[in-house]
Amino acid sequence: MTHSYRVAVVGATGYVGQRFVTLLDSHPWFHVDRLFASPRSAGKSYRDAVDGRWRLTTPVPSASAALMVESSEAIEDKLDGIDLVFCAVDMPKDAVRELEERMARTETVVVSNNSAHRATPDVPMVVPEINHEHLALIPAQRRRLGTSHGFIAVKPNCSIQSYVPALSPLLDFGIEQLFVSTYQAISGAGKTFADWPEMVENLIPYIGGEEEKSEVEPLRIWGRFAGDHIVPATKPLISAQCYRVAVQEGHTASVSVSFREKPGRGEILERWAACAGRPQQLELPSAPRQFLHYFDEDNRPQPRLDADLEGGMAVSIGRLREDPILDWKFTCLSHNTLRGAAGGAVLTAELLAAEGYLAR
Ligand SMILES: NC(=O)c1ccc[n+]([C@@H]2O[C@H](COP(=O)([O-])OP(=O)(O)OC[C@H]3O[C@@H](n4cnc5c(N)ncnc54)[C@H](OP(=O)(O)O)[C@@H]3O)[C@@H](O)[C@H]2O)c1
């Protein structure tokens, strides 16, 4: 089956929005037709709207540079002919929740990076390799919204996408307790060192709301589909500490974990090497060939060397060793604005297309 969809990006001028516009520039299935942002950017060409605040090392894609940025106010009147919206906006949660529902009610599919709908019972929150079966919530959501086609799907918080992929293939050993510390890049706050100089040579031991999300969202990802909602997993107990560090791209997680039945080192490495999901089976355009990469070197993974692995869509793991208190400890790394944000959302949309959820 061939796929071709007309796409809008909402929040196109932001850090994640710039990633979307760049990733979609050469996408085989998705074609950017409209770009939305706040009234501050509306009425400018995309090139002018991002002038002086383009955060990526690649240039503004020429196909989008001349598109006019529109205000997302009354967006429900502006989505005619659009099949799919990617949304990444910095707005109050209630406003985002309402904006995304208004878009879905126009029979448009919304794939969101925002946290506003991550706890909405009938909204699937998906890491495509791990819990694609949660897409089965979509019919229930359509009934609630009164749509025949439109719905919202979300991706989880960027920080959990380093350690949740590494732990998912080990779930059947019975994960009991998990201590995780995350070392998160400044791009996760939509910043570079130029606009956040206080972060040079610095660490901030607090990221608002992040520890709560890091403790709760994995349990939903590992939860069970129950018709119109997900029953969250009850284990493991998770304790998270989240730090902002002087890194531009790439969130690192340090994990200590205990199991009901402690696996051997060989079993863990085998599970990681064999880990693949629907994106790999379906050979989706943005799917990494190998989802999890284990590094034998003691000093890997490192954000500068490894965050871009497989187009920033693979997860890197290293330093697997016995933990004197719990059972095992190791380090994980994922690219926060690619796998953890725009790339993960594009992969989710590809999965939705391949599974027939975008077909009218
Ligand atoms: N950065 C990451 O690694 C990451 C990862 C996962 C999820 N997220 C989430 O993605 C979202 C965006 O993050 P970001 O880092 O890209 O933020 P950002 O760089 O600050 O960009 C924010 C975007 O929101 C737009 N916006 C602000 N107020 C608006 C309004 N009233 N109406 C319409 N658009 C409005 C901005 O438009 P103007 O340019 O016109 O102001 C801009 O396009 C946030 O919810 C964030 O939590 C970010």
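The values are calculated or read from the model by the stated rules, or taken from the named source; none is laboratory data. What you see is a predicted model, and the numbers here were worked out from it, not measured in a lab. Here the Cβ is made from the backbone with ideal geometry for all residues, glycine too, and neighbour counts use every protein chain on show.
Restricting the range 307-353 to residues that are surrounded by 24 or more Cβ atoms within 10 Å (Cβ to Cβ) and hydroxyl-bearing (Ser, Thr, Tyr), the residue that is farthest from the ligand (Cβ to nearest atom) is Ser316.
The residue of the range 11-41 that is farthest from the ligand (Cβ to nearest atom), among those that are part of a loop (DSSP other than H, G, I, E, B) and touching a Phe, Trp or Tyr at 6+ places or on another chain (Cβ under 8 Å), is Trp29. Of the candidates Arg34, Arg40, Arg53, Arg19, the single residue that is under 20 Å from the mean Cα position of the chain (by Cα) and charged (D, E, K, R) is Arg19. Residue pairs whose Cβ atoms lie under 6 Å apart, sitting 6 or more positions apart in sequence or on different chains, and linking a residue in the range 1-29 that is within 13 Å of Tyr46 (Cβ to Cβ) to a partner that is more than 16 Å from the ligand (Cβ to nearest atom) and part of a strand (DSSP E or B), are Leu24/Phe30.
Considering (1) part of a helix (DSSP H, G or I); (2) crowded, with 18+ Cβ neighbours inside 10 Å; (3) more than 14 Å from the chain's Cα centre (by Cα), say which one Phe179 fails and leave the rest. The failed condition is (1). If you check Asp228 against the conditions, is it without any contact (Cβ under 8 Å) to a residue 12 or more places away in the chain and out of contact with any Lys or Arg (no Cβ under 6 Å at 6 or more places or on another chain)? In short, no. Looking for something within 11 Å of the ligand (Cβ to nearest atom) and of a type in the set (D, E, K, R) - is there at least one such residue anywhere in the range 45-55? Looking through the range 45-55, at least one residue is within 11 Å of the ligand (Cβ to nearest atom) and of a type in the set (D, E, K, R). Every condition in (1) surrounded by fewer than 24 Cβ atoms within 10 Å (Cβ to Cβ); (2) part of a helix (DSSP H, G or I) holds for Pro263 except the one numbered (2).
Among residues of the range 153-176 that are under 22 Å from Ser258 (Cβ atoms), those with a Cβ under 7 angstrom from a residue that is among the acidic types (Asp, Glu) and more than 16 Å from the ligand (Cβ to nearest atom), sequence gap 6+ or separate chain, pair up as Pro165/Glu129; Phe173/Glu261; Gly174/Glu261. For the range 133-166, enumerate the residues that are within 17 Å of the chain's Cα centre (by Cα) and among the hydrophobic types (A, V, I, L, M, F, W, C). The answer is Leu135, Ile152, Ala153, Val154, Cys158, Ile160, Val164, Ala166. Within the range 136-149, the set of residues being in a helix (DSSP H, G or I), under 18 Å from Arg97 (Cα atoms) and not charged (D, E, K, R) comprises Leu137, Ile138, Ala140, Gln141, Leu145.
A quick yes/no check of all residues on (1) outside any helix (DSSP H, G or I); (2) touching a residue at least 24 places away in the same chain (Cβ under 8 Å); (3) of a type in the set (Phe, Trp, Tyr):
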position	(1), (2), (3)
Asp48	no, no, no
Trp54	yes, yes, yes
Glu70	yes, yes, no
Gly81	yes, yes, no
Val85	yes, yes, no
Ser115	yes, yes, no
Val127	yes, yes, no
His134	no, yes, no
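Which members of the range 204-237 meet the condition of being aliphatic (A, V, I, L, M) and within 26 Å of Ala342 (Cβ to Cβ)? Spell out the reasoning first.
Step one: of the range 204-237, the residues aliphatic (A, V, I, L, M) are 204, 207, 216, 219, 221, 226, 230-231, 233, 237.
Within the range 204-237, Ile204, Ile207, Val216, Leu219, Ile221, Ile230 meet the criteria.
Would a scan of the range 70-85 turn up a residue that is surrounded by 14 or more Cβ atoms within 10 Å (Cβ to Cβ) and modelled with pLDDT under 95? No, the conditions are met nowhere in the range 70-85.
Name the strands (runs of 3 or more DSSP E) wholly inside the range 270-360 in which the number of residues that are touching a Pro at 6+ places or on another chain (Cβ under 8 Å) and of a type in the set (Val, Ile, Thr) is 2 or more.
On the way: elements: 292-295, 315-322, 328-334.
Where strands (runs of 3 or more DSSP E) fall fully within the range 270-360 and carry at least 2 residues being touching a Pro at 6+ places or on another chain (Cβ under 8 Å) and of a type in the set (Val, Ile, Thr), they are 315-322.
Residues of the range 146-161 that are in contact with a helix residue (DSSP H, G or I) (Cβ under 8 Å, 6 or more places away or on another chain) and either in the same structural domain as Glu267 (by TED's automatic domain parsing) or within 16 Å of the ligand (Cβ to nearest atom) (or both): Ile152, Ala153, Lys155, Pro156, Asn157, Cys158, Ser159, Ile160, Gln161.
Table: residues versus (1) crowded, with 18+ Cβ neighbours inside 10 Å; (2) modelled with pLDDT under 95; (3) more than 25 Å from Arg224 (Cβ to Cβ).
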{"position": "Arg105", "(1), (2), (3)": "no, no, yes"}
{"position": "His117", "(1), (2), (3)": "yes, no, no"}
{"position": "Asp122", "(1), (2), (3)": "yes, no, no"}
{"position": "Asn131", "(1), (2), (3)": "yes, no, no"}
{"position": "Leu137", "(1), (2), (3)": "yes, no, no"}
{"position": "Ser159", "(1), (2), (3)": "yes, yes, no"}
{"position": "Asp172", "(1), (2), (3)": "no, no, no"}
